[in-house]
1. Between Ser189 and His226, how high is the FRET efficiency from 1/(1 + (r/R0)^6) when r is the Cβ-Cβ distance and R₀ = 51 Å? Nearest 0.05.
2. Whose amide H sits under 5 Å from the amide H of Asp90, counting only residues 5 or more places off or on another chain, with H placed in the peptide plane?
3. Applying the Karplus parametrisation 6.51 cos²θ - 1.76 cosθ + 1.60 with θ = phi - 60° to the phi angles of the stretch 116-130, what ³J(HN,Hα) value in whole Hz is obtained for each residue in order, glycine and proline being reported as x?
4. Picking from Met72, Asn60, Leu89, whose Cα lies most toward the positive end of the charge dipole for the stretch 52-93 (charges on Cβ: Lys, Arg +1; Asp, Glu -1)?
5. May I ask you to list the trypsin sites (Lys or Arg not before Pro) in the stretch 45-147 that are in a DSSP loop and have at most 10 other Cβ atoms within 10 Å of their Cβ?
6. How much net charge surrounds Val341 when only the other residues with a Cβ under 12 Å from the Cβ of Val341 are counted, with Lys and Arg +1 and Asp and Glu -1?
7. What is the calculated FRET efficiency for Glu343 to Thr273, with r their C-beta to C-beta distance and R₀ = 25 Å, to the nearest 0.05?
8. What aspartates and glutamates could a cross-link reach from Lys147, if we take a straight Cα to Cα line under 13 Å and drop same-chain neighbours fewer than 8 places away?
Amino acid sequence: MNRQLVYVSLLSAALVACSSNDKRTADGGFEYVKVDEGKPLIMPEALKAPKQHSTYMITNEINQSGPVGDKMDIRAPSLVLPIATSTRLDPKATNAVVWFDQELDDVKLADFVQQVIADMLVDNGAQMTVVDAQNYIFESNWIKTEKEEGSFFSSKIDSKSEKYRYTFDVKPHGRSLLLKVELIDYEASASKSELTQIDQHRAEIAMLNNVIGYVDYEYRLKEREHRLMIANQKLLSIGENGKQEPSYLVEMQRDRLWQNLPLFFNDYGFKVTDLNETKRIYYVTFEKPEIGIWDSIWGSDTPIVEIENAKYEFRLFDTENPRQTALTIYNESGEAVPAQVLERIFPVVEPGLSFRNIY
């Protein structure tokens, strides 16, 4: 699906209140602008002037050089929409700017935003040019848009082309940057299309919101890829601990695995009889669950670990990988369970020791 179509649907609810009427002027006549100012009331000497209240009085000190009547732009102001994760507004800003904070630890923030803008321009039939790489100044070439009308035989009634400048103000630590968008050139086919200061500001805000939308889209893609990676990742393998003893290697920190092992014991027929929290040892007994006649008929979801009914020790050891833990199973004689046994029961215990139902 086209990214722009996705974000039209996402942003339409937020924009409907301020953009449902794109007319620049108010409805009705503007005869009031032709009315001369009334003359002040002159009272005869014998009469007392009526009492006047100045609460709603308009003085001549107001700005009289602004637009009046049909020249008045009544459109609602354009607003920056920080919908992407870790975006925030600059409360003092009057131009098209937004703050981005570091969200992805595996990529440089400035490089990430730069690539997003480049991809956005490509989707709009344009290209990015690096003006000043050291100071993070980039520009687009002409971005052309056309407006058509007609139900069956559509015809082009208007087209415009715009160029933008994108400037990053990157903090020294590199985890925050301020993006500023400026409209630097404009062309339109319609002769009456005069670019006012308000139009320029609205165009810059629209472009900035487009960038923010693309950043949010990329964040969602990264989040989806991360979830798929976790779901499909091989979190359990067979290897050795630091003593060269056969062990399960679990992709989980030692303390976290220690906290989650009771869940595994409860589901797989192990009963904890004692523990040594300092040395990270669980003392357990195993008794293979009995399968009744109804379980054999209807099928049983109980996982069966094909090992001897006996006492065992589950010991956790750190490895060279800080995110990995070696789980070594010892029998009642204090000997590590052979690798052949670990391989035989691996298909059964792998889902449990990967804790897929939890993470």
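Each value in this text was obtained by applying a stated rule to the coordinates, not by laboratory testing. All values derive from a computational prediction rather than experimental measurement. In this analysis, Cβ positions are derived from the backbone assuming ideal geometry, glycine residues included, and neighbour counts consider all displayed protein chains.
1. 0.65
2. So Asp90 has HN proximity to Trp99.
3. Taking θ as phi minus 60°, the curve returns 4, 5, 4, 5, 4, 5, 4, 4, 9, x, 10, 9, 9, 10, 7 Hz for the stretch 116-130.
4. Leu89
5. Sparse-neighbourhood loop trypsin sites (Lys or Arg not before Pro): Lys48, Lys51, Lys92.
6. -3
7. 0.40
8. Answer for Lys147, where 13 Å is the Cα cut-off: Asp158, listed by chain and number.
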